[in-house]
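The values are calculated or read from the model by the stated rules, or taken from the named source; none is laboratory data. Worth saying up front: this structure is predicted, and the values here are computed from it rather than measured. Counting neighbours? That spans all protein chains shown, and the Cβs are built from the backbone with ideal geometry, glycine included. Heavy atoms of the whole protein, side chains included, go into the accessibility calculation; ligands, DNA and RNA do not. Shrake-Rupley method; radii C 1.70, N 1.55, O 1.52, S 1.80 Å.
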Amino acid sequence: MPPKVRIPKEDILATGLQLLREKGPGAVNARSIAAGLGCSTQPIFSNYATMEQLQADLLAEAYRLYDRRIQTAMTSGQYPPYKAAGMEYIRFAREEKELFRLLFMRDRTGEPPQEEDSQTMQIIRIIMEQGKMSEQAARRFHGEMWIFVHGIATMMATGYLQPEEETVSAMLTDIYQGQLRYRKEEQE
């Protein structure tokens with residue numbers, strides 16, 4: 001009897017993530033991952049009792065990839081940190097359409113509400129500091145900005161709209177400045 005093929009969990013996740021990126025969640029199953037690894041499905045089910053567990057790990061891996069990109073953008077200095085987060089969210093939608101759809105356009109009916117992460121808290125603090133706002137005002141500001149950013153990103157991910165980066169940057173600046181003026185007038 002030939003020895004069992006030993007495939008580490010990391011390789012399974014890397015192959016599954018690549019399939020997600022290229023073909024979307026519908027293309028990810030034990031057979032497609034095994035084909036990508038050049039093995040049978042046995043090593044996959046040696047690491048995962050169910051496909052649901054594998055899919056949960058793939059979703060977590062996709063979030064980690066997204067989070068790293070946002071953090072890198074926020075510290076790169078190309079844009080101010082808050083704007084950099086929005087620009088990278090839109091860039092992610094353009095460059096990683098399938099992952100963007102999985103993370104931000106899937107039906108979440110029945111899922112528990114997503115907990116606020118450290119990146120969101122960091123963003124709220126930036127808005128509070130830059131805009132000299134209360135936490136409540138900063139959360140509202142961010143919510144309204146993020147609806148705008150998500151709209152652009154969704155149009156990019158679905159191929160509806162493909163503006164140049166400079167255009168997107170100008171649009172975000174316009175909306176940001178308009179929101180700041182509105183908040184200041186509201187406080188007076």
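The residues in segment 143-158 that are open to solvent by 50 Å² or more (accessible area, probe 1.4 Å) and not hydroxyl-bearing (Ser, Thr, Tyr) can be counted, and the count is 6.
Taken together, ASP107, ASP117 contain a single residue that is without any contact (Cβ under 8 Å) to a residue 12 or more places away in the chain and open to solvent by 50 Å² or more (accessible area, probe 1.4 Å), which is ASP107. Scan segment 163-176 and give yes if some residue there is over 22 Å from GLN78 (Cα atoms), free of Cβ contacts under 8 Å to residues at least 40 places away in the same chain and surrounded by fewer than 16 Cβ atoms within 10 Å (Cβ to Cβ), otherwise no. No, segment 163-176 has no match at all. Filtered by the rule that a residue be crowded, with 20+ Cβ neighbours inside 10 Å and touching a Phe, Trp or Tyr at 6+ places or on another chain (Cβ under 8 Å), segment 90-103 gives PHE92, ALA93, LEU99, PHE100. I'd like to verify a number: residues in segment 49-98 that are under 16 Å from LEU19 (Cα atoms) and in contact (Cβ under 8 Å) with a residue 60 or more places away in the chain, how many? Count: 3. The helices (runs of 4 or more DSSP H) found wholly in segment 8-48 and carrying at least 1 residues that are surrounded by fewer than 18 Cβ atoms within 10 Å (Cβ to Cβ) and either at pLDDT 95 or above or of a type in the set (Asp, Glu) (or both) occupy 9-23, 30-37.
Among the conditions (1) at pLDDT 95 or above; (2) buried (at least 19 other Cβ atoms within 10 Å of the Cβ), GLU61 misses just one, which is (2). Checking GLN130, GLN179, GLN122 one by one, the residue that is open to solvent by 60 Å² or more (accessible area, probe 1.4 Å) and either modelled with pLDDT under 95 or farther than 17 Å from ALA60 by Cα (or both) is GLN130 and no other. Annotation: of all residues in segment 30-67 being under 23 Å from PHE92 (Cα atoms) and of a type in the set (D, E, K, R), the one that is farthest from the chain's Cα centre (by Cα) is ASP57.
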